[in-house]
Each structure stands twice: as C-alpha cells, then as structure tokens.
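Below is one structure, written out as structure tokens; comments come after it.
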Amino acid sequence: MHTLFERSILAGIGVLSMTHEKAQKIVDESIRRGEVQKDEAKDWVESLV
C-alpha cells in the first residue's frame, strides 16, 4: 500500500503531465491558426506550464 506521501507525489506528477499535455494542445491549435510560429512553440508551452 502506498503511503500518503507517495500518493501525493504521484498525484502531483499526474497533474503536471496533464497540464503539460493541455498546454501543448493549446499551442498546437495556435500554430494551426497561424498565431504562433513553430519555432516559438516550445517557449509558449513552457510559459503556459
């Protein structure tokens, strides 16, 4: 059984990865619309996260 601390860490990692994934989707959509250049995408994702 996981301790409360372990479960908290795992939950935090899950939230972080989901946030990064959502940020990437937002930036991808902005690229598609021409609002963001592909070479700027990584910086945008990092700033959103």
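The values are calculated or read from the model by the stated rules, or taken from the named source; none is laboratory data. Small disclaimer: the values here were computed from a predicted structure and weren't measured. Every residue, glycine as well, gets a Cβ built from its backbone with ideal geometry; the counts of neighbours run over all protein chains shown.
When ASP39 is tested against (1) at pLDDT 80 or above; (2) surrounded by 11 or more Cβ atoms within 10 Å (Cβ to Cβ), exactly one condition is not met: (2).
Of all the listed residues (LEU16, LEU48), the sole one being surrounded by 11 or more Cβ atoms within 10 Å (Cβ to Cβ), modelled with pLDDT of 75 or more and hydrophobic (A, V, I, L, M, F, W, C) is LEU16. Residue count for segment 1-25, restricted to those that are in a helix (DSSP H, G or I) and more than 11 Å from VAL45 (Cα to Cα): 15.
Is it the case that ASP28 is surrounded by fewer than 10 Cβ atoms within 10 Å (Cβ to Cβ), modelled with pLDDT of 80 or more and part of a helix (DSSP H, G or I)? For ASP28, the condition - surrounded by fewer than 10 Cβ atoms within 10 Å (Cβ to Cβ), modelled with pLDDT of 80 or more and part of a helix (DSSP H, G or I) - is not met.
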